[in-house]
1. When you count, for each residue, the other Cβ atoms within 10 Å and take the mean per peptide, how do 58-65, 169-176 rank with the highest first?
2. With labels modelled as points extended 7 Å from the Cα through the Cβ direction, what inter-label distance (nm, one decimal) is found for LEU2 paired with LEU225?
3. Which whole-number percent is the relative contact order of the stretch 1-77 (Cα, under 8 Å, 6+ apart)?
4. Separation between the VAL187 and ASP146 pseudo-spin-labels, each 7 Å from Cα along Cα→Cβ, expressed in nm?
5. Give the long-range amide H neighbours of THR27: residues separated by 5 or more places, or on another chain, with amide H under 5 Å away, using H modelled in the peptide plane at 1.01 Å from N.
6. Semi-axes of the stretch 101-140's equivalent ellipsoid from the Cα gyration tensor, sqrt of 5 times each eigenvalue, largest first, rounded to whole Å?
7. Taking 0.36 nm per residue of separation and subtracting the Cα-Cα distance, what length does fully extending VAL61 through ALA205 add?
8. If packing is taken as the average count of other Cβ atoms within 10 Å, what order do 118-127, 131-140 fall into, highest mean first?
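All of the numbers you see were taken from the coordinates with simple rules; none came from a lab. What you see is a predicted model, and the numbers here were worked out from it, not measured in a lab. Note: ideal-geometry Cβ built from the backbone for every residue, glycine included; neighbour counts use all protein chains shown.
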Amino acid sequence: MLSTGFKLWFGLCVLMVAAAIFAGYTTGGTETGPISLGWKGGVGNHVVYTLLMIGAASMAVMGIVTQAFRDSDLEAASELLGIEEVPEAQSEVGSSWWPVFAALGVSILAVGLVVNSAVFVIGIVIVLLIGFEWTMTNWSEKATADPKLNSELRERLMRPIEIPIIGALGIGIVVLAISRILLSSSVTGAVWVATVVGVVIFGTAFFVSKRPSISRGVIQSILFLGIAGILIAGVISAVVGERDFHHKGSHHADKSHVDEKE
C-alpha cells in the first residue's frame, strides 16, 4: 500500500513533469521533443526544461525513500535498517513555516513561467532550497525520541551549510527584488521606497534589540512577513517592468550633430 508521503512526492513529481512538458511546448519544442526528453526533437527552452525535470527526479527519489521507510513507521524502519530493537516513538512536533515558504516559492515559479525567465529561475531556487530544508527538518524531528537532541542534531549538521549559502542567496534575492521595485518606480517614488524600507528595517531591528525576552517565533514571523512582502513586491514590479529612462546628454548630442550638418 502506498504511504501518504509517497503520494505527496509522487504528486509533486507528476506536477513538475507536466510543467516541464508545458514549458517545452510553449517555448519552441517540437511535437515529440518534450515528451521524449529531447530524444525525438527539441525541448524548447533547455534551461527551464532541464531544471523542471531535475526537480521531478528529486521528487521521485524522495517518494521512493518515504515509501521504503513507510513514512517513518517504526517496524518498517527497523526491518529496512536491519536492527532487532524497535526505536522509540517520536514525540510531538510543533508547527512549521516551511509549507508557507514552499507555497510562496511555487507562486513565484508560476509567475516567472509566464512573465520572466529570471523570476522563474529564482522560484526554482527557492523551491529546491525549501524542499531540502523541509526534508532535513523532518528527518531531525524523527531522529530520536528526545526533541532537544533532535534540535541539536539539526543545528550541528545544517548550520555550517545554512549560514553561508542561504545567507548569500537570501541577500542576493532580496537585493534583486528591491532593485526591481526601485527600477519600476518613478524617480521620486524610488527615493521614497528606499527611505521607507530603510526606516522599517532600522525600526524593526531597534524594536527587537530593546526586547531581549522576545520569543524566537515572533522574530521568525517578523522576518517571514518582511521577506515575503519584499519578494511579492519584487515579482509585481518585474511584471510591470522598468520605467522609461531619458538621457539628457543623448538628446543634446543629437541636436548638436544636426546643427553641425547644417
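1. On the way: 58-65: 16.8, 169-176: 14.0.
Per-residue mean Cβ counts within 10 Å order the peptides as 58-65, 169-176.
2. Rounded to a tenth, the inter-label distance reads 4.0 nm.
3. Values: 103 pairs, mean separation 29.3, N = 77.
Contact order relative to length: 38 percent.
4. For the pair VAL187/ASP146, the computed spacing is 6.5 nm.
5. ASN45
6. Numbers: eigenvalues 105, 13, 4 Å².
One finds semi-axes of 23, 8, 4 Å for the stretch 101-140.
7. Working: separation 144, 0.36 × 144 = 51.84 nm, distance 4.11 nm.
That pair, VAL61 and ALA205, stretches by 47.7 nm at full extension.
8. Numbers: 118-127: 20.5, 131-140: 17.2.
With the highest mean Cβ count within 10 Å placed first, the list reads 118-127, 131-140.
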